[in-house]
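Remarks on the structure that follows.
The values are calculated or read from the model by the stated rules, or taken from the named source; none is laboratory data. Given the structure is predicted, the values throughout are model-derived calculations rather than measurements. Positions of Cβ are backbone-derived with ideal geometry, glycine not excepted, and every protein chain shown enters the neighbour counts.
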Amino acid sequence: MIPKALLYMDIMHDYLIADAEHPLICSDKLWDEMLLYNINPAAADRLYLDFRAICKKEVSADSSLKELSGGQKVILMALLALHSPADSISFINLEHSLDPGRFCKIRDLIIHSGKNILWERA
(Lines give C-alpha, C1' and ligand atoms only; values in the text may rest on other atoms or scores of the structure.)
Protein backbone atom coordinates (compact mmCIF):
# COMPACT_ATOMS: atom_id res chain seq x y z
CA MET A 1 0.00 0.00 0.00
CA ILE A 2 1.31 3.43 -0.93
CA PRO A 3 1.33 5.99 1.92
CA LYS A 4 -1.15 8.81 1.34
CA ALA A 5 1.62 11.38 1.66
CA LEU A 6 3.23 10.00 -1.52
CA LEU A 7 -0.06 10.20 -3.39
CA TYR A 8 -0.42 13.89 -2.49
CA MET A 9 3.13 14.94 -3.38
CA ASP A 10 2.41 15.93 -6.98
CA ILE A 11 -0.92 17.66 -6.44
CA MET A 12 0.01 19.27 -3.11
CA HIS A 13 3.47 20.58 -3.96
CA ASP A 14 2.84 23.89 -2.17
CA TYR A 15 1.84 22.22 1.10
CA LEU A 16 3.81 20.67 3.91
CA ILE A 17 2.19 17.26 4.31
CA ALA A 18 1.65 16.08 7.89
CA ASP A 19 0.35 12.51 7.73
CA ALA A 20 -0.73 11.09 11.11
CA GLU A 21 -0.21 7.55 9.81
CA HIS A 22 3.51 8.34 9.38
CA PRO A 23 4.16 11.16 11.86
CA LEU A 24 7.95 11.17 12.16
CA ILE A 25 10.82 10.36 9.85
CA CYS A 26 13.73 10.24 12.28
CA SER A 27 14.14 7.56 14.91
CA ASP A 28 16.62 9.10 17.32
CA LYS A 29 16.64 12.65 18.68
CA LEU A 30 14.03 15.39 18.33
CA TRP A 31 16.85 17.64 17.09
CA ASP A 32 17.05 15.59 13.87
CA GLU A 33 13.33 16.04 13.18
CA MET A 34 13.53 19.78 13.96
CA LEU A 35 16.27 20.16 11.35
CA LEU A 36 13.98 18.65 8.71
CA TYR A 37 11.23 21.12 9.60
CA ASN A 38 13.67 24.07 9.73
CA ILE A 39 12.71 24.91 13.33
CA ASN A 40 14.67 27.87 14.69
CA PRO A 41 15.54 28.20 18.42
CA ALA A 42 12.64 30.54 19.24
CA ALA A 43 10.16 28.24 17.49
CA ALA A 44 11.71 25.26 19.30
CA ASP A 45 11.08 26.89 22.67
CA ARG A 46 7.41 27.49 21.78
CA LEU A 47 7.13 23.91 20.49
CA TYR A 48 8.45 22.52 23.80
CA LEU A 49 5.92 24.63 25.74
CA ASP A 50 3.02 23.57 23.53
CA PHE A 51 4.02 19.90 23.77
CA ARG A 52 4.20 20.11 27.57
CA ALA A 53 0.81 21.84 27.72
CA ILE A 54 -0.85 19.15 25.61
CA CYS A 55 1.01 15.99 26.68
CA LYS A 56 2.12 16.88 30.22
CA LYS A 57 5.60 15.68 29.21
CA GLU A 58 8.85 17.59 28.82
CA VAL A 59 10.81 17.37 25.58
CA SER A 60 14.00 18.99 24.37
CA ALA A 61 16.25 18.77 21.33
CA ASP A 62 18.00 15.78 22.97
CA SER A 63 14.77 13.86 23.67
CA SER A 64 14.59 10.40 22.15
CA LEU A 65 11.67 9.97 19.78
CA LYS A 66 11.62 6.27 20.68
CA GLU A 67 10.30 7.18 24.14
CA LEU A 68 7.11 8.79 22.80
CA SER A 69 3.77 7.03 22.43
CA GLY A 70 2.01 6.95 19.08
CA GLY A 71 -0.30 9.80 20.03
CA GLN A 72 2.61 11.89 21.32
CA LYS A 73 4.39 11.39 17.99
CA VAL A 74 1.33 12.64 16.12
CA ILE A 75 1.10 15.68 18.40
CA LEU A 76 4.79 16.35 17.89
CA MET A 77 4.37 16.11 14.11
CA ALA A 78 1.52 18.62 14.22
CA LEU A 79 3.54 21.01 16.39
CA LEU A 80 6.61 20.67 14.17
CA ALA A 81 4.48 21.58 11.15
CA LEU A 82 2.84 24.50 12.96
CA HIS A 83 6.14 25.91 14.21
CA SER A 84 7.88 25.43 10.87
CA PRO A 85 8.17 28.29 8.38
CA ALA A 86 5.69 26.52 6.05
CA ASP A 87 2.75 28.75 5.13
CA SER A 88 0.50 25.89 3.98
CA ILE A 89 -0.01 22.54 5.71
CA SER A 90 -2.13 19.55 4.79
CA PHE A 91 -3.01 17.45 7.84
CA ILE A 92 -3.97 13.89 6.96
CA ASN A 93 -6.02 11.75 9.40
CA LEU A 94 -5.13 13.93 12.37
CA GLU A 95 -8.51 13.62 14.09
CA HIS A 96 -8.49 9.82 13.84
CA SER A 97 -5.11 9.51 15.53
CA LEU A 98 -5.72 11.51 18.73
CA ASP A 99 -8.09 11.29 21.65
CA PRO A 100 -10.81 14.00 21.55
CA GLY A 101 -9.25 16.20 24.25
CA ARG A 102 -5.82 16.38 22.66
CA PHE A 103 -7.30 16.75 19.20
CA CYS A 104 -9.26 19.80 20.40
CA LYS A 105 -6.09 21.39 21.78
CA ILE A 106 -4.17 20.77 18.55
CA ARG A 107 -7.14 21.93 16.45
CA ASP A 108 -7.26 25.21 18.39
CA LEU A 109 -3.54 25.80 17.75
CA ILE A 110 -4.04 25.01 14.06
CA ILE A 111 -7.03 27.33 13.73
CA HIS A 112 -5.13 30.20 15.36
CA SER A 113 -1.87 29.55 13.48
CA GLY A 114 -2.64 31.90 10.61
CA LYS A 115 -1.47 29.23 8.17
CA ASN A 116 -3.32 27.90 5.14
CA ILE A 117 -4.63 24.52 6.32
CA LEU A 118 -6.17 21.59 4.50
CA TRP A 119 -7.83 18.75 6.42
CA GLU A 120 -7.63 15.39 4.70
CA ARG A 121 -9.43 12.25 5.86
CA ALA A 122 -8.86 8.74 4.61
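Pairing each residue of the stretch 77-100 that is surrounded by fewer than 18 Cβ atoms within 10 Å (Cβ to Cβ) and modelled with pLDDT under 95 with any residue that is assigned to a helix (DSSP H, G or I) and not hydrophobic (A, V, I, L, M, F, W, C), provided the two are 6+ apart or on different chains, yields C-beta distances under 9 Å for 95/107; 99/71. Whenever a residue of the stretch 36-56 is on the phi > 0 side of the Ramachandran plot, its partners that are surrounded by fewer than 19 Cβ atoms within 10 Å (Cβ to Cβ) and at pLDDT 95 or above, lying with C-beta atoms within less than 8 angstrom and at least six residues away or across chains, give the pairs 38/85. Residue count for the stretch 45-68 satisfying the condition of being closer than 26 Å to residue 118 by Cα, in contact with a helix residue (DSSP H, G or I) (Cβ under 7 Å, 6 or more places away or on another chain) and surrounded by fewer than 18 Cβ atoms within 10 Å (Cβ to Cβ): 1.
All of 92, 39 fail the test of being under 19 Å from residue 17 (Cα atoms), out of contact with any Asp or Glu (no Cβ under 8 Å at 6 or more places or on another chain) and among the β-branched types (Val, Ile, Thr), apart from 39. All of 101, 71 fail the test of being small (Gly, Ala, Ser) and more than 13 Å from the chain's Cα centre (by Cα), apart from 101.
In the stretch 108-122 there is at least one residue matching the filter, namely being charged (D, E, K, R) and within 18 Å of residue 23 (Cα to Cα). Counting just the residues of the stretch 57-76 that are in contact (Cβ under 8 Å) with a residue 12 or more places away in the chain and among the charged types (D, E, K, R), which one comes out nearest to residue 97 (Cα to Cα)? This residue is 73. In the stretch 1-39, what residues are β-branched (Val, Ile, Thr), loosely packed, with under 12 Cβ neighbours inside 10 Å and at pLDDT 65 or above? Passing the criteria: 2, 25.
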